[in-house]
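One structure is given below, encoded as structure tokens.
Nothing in this text is a laboratory measurement; each read-out follows from the coordinates by a stated rule. Everything numeric here is computed off the predicted structure, so don't read it as measured data. Cβ coordinates were reconstructed from backbone atoms using ideal geometry, including for glycine residues, and neighbour counts include every protein chain displayed.
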Amino acid sequence: MQKNYTVLFKRAYDKACAEDGQRILADRLWPRGIKKDDLKLNDWCKECCPSNQLRKDYHAQKLDFESFASAYFQELESNPDALIPLMKAARKDKVTLISAVKAFEYSHLPVLKHALLKALEQEDNEADGDALSSPVCFGNDFNYWG
């Protein structure tokens, strides 16, 4: 059964609100000029962010967005445990990924959202596939023939 998950993006400099759901900082570096107590986060998921080298190469324009997105997605696939805190949060409530980036569409956030939703879908499909269509009628210790 396909479940619907809501994953939104919000700038770290925008005001927090109740509609944000689970607020998770999705930047490897803390946003400049913001005190830790002022951000109102549920979690900070550094491990799910692009590696320092990949982030630096992208910001230095050594990579175009497509190359960056592909490399970042590969990083996430090679470390699936990094998504576990986000997956747990998404199963509880709406998730708002908080970041200091200005242009969400050309940042790591859409790639992270895609990887998160893909991981949730895969886990949901595996769970549905393991479920029995009907309960087992007889245990191994039951001898039907007497």
Counted residues, segment 48-101 - those being farther than 23 Å from residue 22 by Cα, of a type in the set (A, V, I, L, M, F, W, C) and surrounded by 12 or more Cβ atoms within 10 Å (Cβ to Cβ): 6
Some residue of segment 16-26 being assigned to a loop (DSSP other than H, G, I, E, B) and exposed (fewer than 13 other Cβ atoms within 10 Å of the Cβ): yes
Unique residue being closer than 25 Å to residue 127 by Cα and out of contact with any Asp or Glu (no Cβ under 9 Å at 6 or more places or on another chain) when the list is 112, 39: 112
Answer from 89, 82 - the residue that is in contact with a strand residue (DSSP E or B) (Cβ under 8 Å, 6 or more places away or on another chain) and either outside any loop (DSSP other than H, G, I, E, B) or of a type in the set (Gly, Ala, Ser) (or both): 89
